[in-house]
Amino acid sequence: MDLQILLLLGQDGVTNGAIYALLALALVLVFAVTRVIFIPQGEFVAYGALTLASLQAGKLPGTVWLLLALGTTVAVIDGWRLLRDGQYGKLPPLLIFNVGLPLLAAGALTVVTPANWPLSLQVLLTMLLVIPMGPMIYRLAYQPLANASVLILLIVSVAVHVTMIGLGLLFFGAEGVRTPAFTEFSFELAGAPLQGQTILVVVASALLIIGLYFFFERTLYGKALRATAMNRTGARLMGIPPTLAGKLCLTLAAAIGVFSGILIAPITTIYYDSGFLIGLKGFVGAIIGGLASYPVAALGAILVGLLEAYSSFWASAYKEVIVFTLIIPVLLWRSLTTRHVEEEE
Amino acid sequence: MSKKLAFAVLAAFSAVAFADINVGVSVSATGPAASLGIPEKNTFSLLPTTIAGQKVNYIVLDDATDPTQATKNIKKLITENKVDVVVGSTTTPNSLAMMDVAVENETPLISMAGSAIVVEPMDAKRQWVFKTAQNDAHMATAIVQHMTDKNVQTVAFIGFADAYGEGWYKEFAKIAEARKLKIVASERFQRNDTSVTGQILKIMAAKPDAVLVGGAGTPAALPQKTLKEKGFKGLIYQTHGVANNDFLRVGGKDVEGAFLPVGPMVVAAQLPADHPVKKSATEYVTKYEAAHGKGSVSSFGGHAWDAGLLLQSAIPVALKKGQPGTKEFRKALRDAIEATKNLPAAHGVFNLSPNDHQGFDQRARVMVTIENGTWKLLK
């Protein structure tokens, strides 16, 4: 193993690690605010990449129909409740967000094909199609059980995950896709070729992490989320509705997932079920951070990426074993060093 | 005694009343092998619904690429649907799981899986099992032949970390060794890996003349893409597991120039007019594309079609010996399939024997290369 190989592997590990880091952050965020271990996180990666690819292939992505179905269900359930309580003023925004916009998207996509649009517009459209599913899923799957135990929420997560994978196969088929690169740019660094796309992934991930930092530190909504994460009851007494916090953090999680999917789609082939494994590696990172610390989770995820790259060189057949075995010493170390705090219920 | 007689009469009566031939099918239309299973599933709707004047019912079930589900399917097909023959499944593990149930109930099983262990070594169990897909050994021989013709001395292997990759490595290593090819690196990757940089760097450090990618479907594009990206200049070989259009779509310009052996069906239109399977292969391609659109045909559906052809040639013979739905008919059907001779199919010419339940020879494969996004037959 010479220096060049060492560098190339490191570069590969950091690229994958950056994606895992984003997902680890989303997992920590969702868990801190809602106590949900968000297993479907990876599905948003796959949905994002596959929706973008469908748009580029000039096909109508199946996610449009899912968005429409989810939105309509939310509108019916919440609309009924609003009507019963006589809160007619809240009806229009509910209907516009959950039914109007998806209908508009579906209608528009049957008329125009965005296959020849510039890439940035396609990306934007993909985000508009997939991200709203985050809050909708929260409303339908998690909100009715918001006070249930972590275990029940985990079981719901598994159900959502399995449903989304099945729908993914139905919408996008069994075959994988790869989208064209954002940039063909490449150069040599210390004798090792470096792809522009790789730099893009790392830079975009870093920017997103910085953005998230400012969101949590400087904005009212970010502070509300942090407050809820620290103390749910206290936050509620201060007038932060837990429902809003839940929906907001699933919106963020979905956005991070879709963004990651769009970033890696040009580097690797994405299948309807690829998201799970990517999400799981992010989860290993999140576990290293104890599902609580953002910086440790991000560093842990990058460690997972590096470990994966180097183990694929040394013992490719045992790569996954090595990566997932990492969780055992980490759990051991955590259980020895931290005091166990009973969940306040 | 009278009970037995009554049963016999009843059986005879029901056989006359319901003389339909029931063909049970279990394919992996969902799960990891879905891209292979779906064209197979589509093919069954193209098969004839009457053979030798008898109505044929195809009962198609999905086993989700799960051996447990495949076993459940064949039990259901045999006990509930009273099938005379079972076709399935798509993958080797599923076919092996189904084998025991088929043998227990003395029902012939026609597998569409790739690995030779489904029909070899011939024993009491495998007497009931047939296979329409080429054995890996057929294909590996073609690759090694092509490599030695191209003067390749050293070769590296990168394959799936599962039965497919291991099976290919074993076959390939055996034949390569016999032909004095030196294997300088052997690496593994997962179907859903997002990166194979580590493995590729290790392979390139060994400086092989050629690399064989032992993968199936679109995941096999990733190693070749990474090889190109890291500036590998040698020859790149793929296996017949990639021979569908999705591989070309995902691989794009990165997979140009790859060599692989395929069933002649994949390049049916390019075959010389005197090729023994030109006619039978073209027939399938035309039928499939008429139903599912131009360019939709894949080599895997061809294995299902070939299973149908075996049945079409064997059922008329078996009908002379027993009524559908009886044990005699199933036995006769098994014997008739085993006796198939010179039957041109989509993927080759079947010549089965008691020791060879696959039945293809070197006419069942051709070497192709990928040129301008299509398969090009090498002369």
For this session: List the number of the failed condition for A:ALA286; all other conditions in (1) at pLDDT 85 or above; (2) surrounded by fewer than 17 Cβ atoms within 10 Å (Cβ to Cβ) hold.
Result: (2)
Problem set entry | Among residues of segment B:224-247, those that are within 11 Å of another protein chain (Cβ to nearest Cβ) and under 24 Å from B:GLY293 (Cα atoms), counted | 4
Problem set entry | All helices (runs of 4 or more DSSP H) inside segment A:84-149 with 2 or more residues being under 24 Å from A:VAL45 (Cα atoms) | A:101-111, A:119-130, A:133-137
Exercise. At pLDDT 90 or above, among the hydroxyl-bearing types (Ser, Thr, Tyr) and surrounded by 13 or more Cβ atoms within 10 Å (Cβ to Cβ), is that true of A:THR179?
Worked result: no
Exercise. Does at least one position in segment A:201-213 carry a residue that is surrounded by fewer than 16 Cβ atoms within 10 Å (Cβ to Cβ), out of contact with any Ser or Thr (no Cβ under 9 Å at 6 or more places or on another chain) and touching a residue at least 40 places away in the same chain (Cβ under 8 Å)?
Worked result: yes
Exercise. Of the residues that sit in segment B:191-223 and are open to solvent by 50 Å² or more (accessible area, probe 1.4 Å) and on the phi < 0 side of the Ramachandran plot, which one is farthest from the other protein chains (Cβ to nearest Cβ)?
Worked result: B:ASP209
Exercise. If you go through segment B:179-190, how many residues are within 10 Å of chain A (Cβ to nearest Cβ) and of a type in the set (Lys, Arg)?
Worked result: 1
Exercise. Somewhere in segment A:33-53, is a residue farther than 30 Å from A:ALA309 by Cα, surrounded by fewer than 24 Cβ atoms within 10 Å (Cβ to Cβ) and of a type outside the set (S, T, N, Q)?
Worked result: yes
Problem set entry | Residue that is nearest to the other protein chains (Cβ to nearest Cβ), among those in segment B:26-52 that are touching a Phe, Trp or Tyr at 6+ places or on another chain (Cβ under 7 Å) and in a loop (DSSP other than H, G, I, E, B) | B:LEU46
For this session: Among the numbered conditions (1) under 23 Å from A:LEU50 (Cβ atoms); (2) modelled with pLDDT of 90 or more, tell me where B:LEU235 comes up short.
Result: (1)
Exercise. Would you say A:LEU91 is over 16 Å from B:THR194 (Cβ atoms), within 14 Å of another protein chain (Cβ to nearest Cβ), surrounded by fewer than 17 Cβ atoms within 10 Å (Cβ to Cβ) and without any contact (Cβ under 8 Å) to a residue 24 or more places away in the chain?
Worked result: no
Exercise. Which condition breaks for B:MET139 when tested against (1) outside any helix (DSSP H, G or I); (2) open to solvent by less than 20 Å² (accessible area, probe 1.4 Å); (3) closer than 30 Å to B:ASP63 by Cα; (4) of a type in the set (A, V, I, L, M)?
Worked result: (1)
Seminar exercise, completed: Inside segment A:163-204, the number of residues satisfying the requirement of being β-branched (Val, Ile, Thr) and either assigned to a loop (DSSP other than H, G, I, E, B) or away from chain B (no Cβ under 12 Å) (or both) is 6
For this session: Kindly indicate whether B:ASP246 is of a type outside the set (A, V, I, L, M) and either open to solvent by 30 Å² or more (accessible area, probe 1.4 Å) or over 21 Å from B:LEU47 (Cβ atoms) (or both).
Result: yes
Problem set entry | Candidates B:ALA304, B:ALA318, B:ALA258 - the one that is more than 17 Å from the chain's Cα centre (by Cα), at pLDDT 90 or above, open to solvent by less than 10 Å² (accessible area, probe 1.4 Å) and farther than 18 Å from B:VAL368 by Cβ | B:ALA318
Seminar exercise, completed: Of the conditions (1) under 25 Å from B:SER298 (Cα atoms); (2) modelled with pLDDT under 85; (3) open to solvent by 50 Å² or more (accessible area, probe 1.4 Å); (4) part of a helix (DSSP H, G or I), the single one that B:ALA12 does not satisfy is (1)
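Condition check ((1) of a type in the set (A, V, I, L, M); (2) more than 14 Å from every other protein chain (Cβ to nearest Cβ)) across all residues:
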| position | (1), (2) |
| --- | --- |
| B:MET122 | yes, yes |
| B:ALA133 | yes, yes |
| B:THR141 | no, yes |
| B:ALA161 | yes, no |
| B:GLU177 | no, yes |
Exercise. Got a sec? Which of A:VAL330, A:VAL258, A:VAL323 is away from chain B (no Cβ under 12 Å), open to solvent by less than 60 Å² (accessible area, probe 1.4 Å) and either hydroxyl-bearing (Ser, Thr, Tyr) or within 26 Å of A:ILE165 (Cα to Cα) (or both)?
Worked result: A:VAL258
Seminar exercise, completed: Of the listed residues (B:LEU311, B:LEU319, B:LEU377), the one being over 17 Å from B:VAL87 (Cα atoms), in the same structural domain as B:MET112 (by TED's automatic domain parsing) and touching a residue at least 24 places away in the same chain (Cβ under 8 Å) is B:LEU319
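The values are calculated or read from the model by the stated rules, or taken from the named source; none is laboratory data. Quantities reported herein were computed from a predicted structural model and do not represent experimental measurements. Ideal geometry is used to build each Cβ from the backbone, glycine not excepted, and the neighbour counts take in all protein chains shown. We work out accessible area using only protein heavy atoms, side chains counted, and drop any ligands, DNA or RNA first. Shrake-Rupley method; radii C 1.70, N 1.55, O 1.52, S 1.80 Å.
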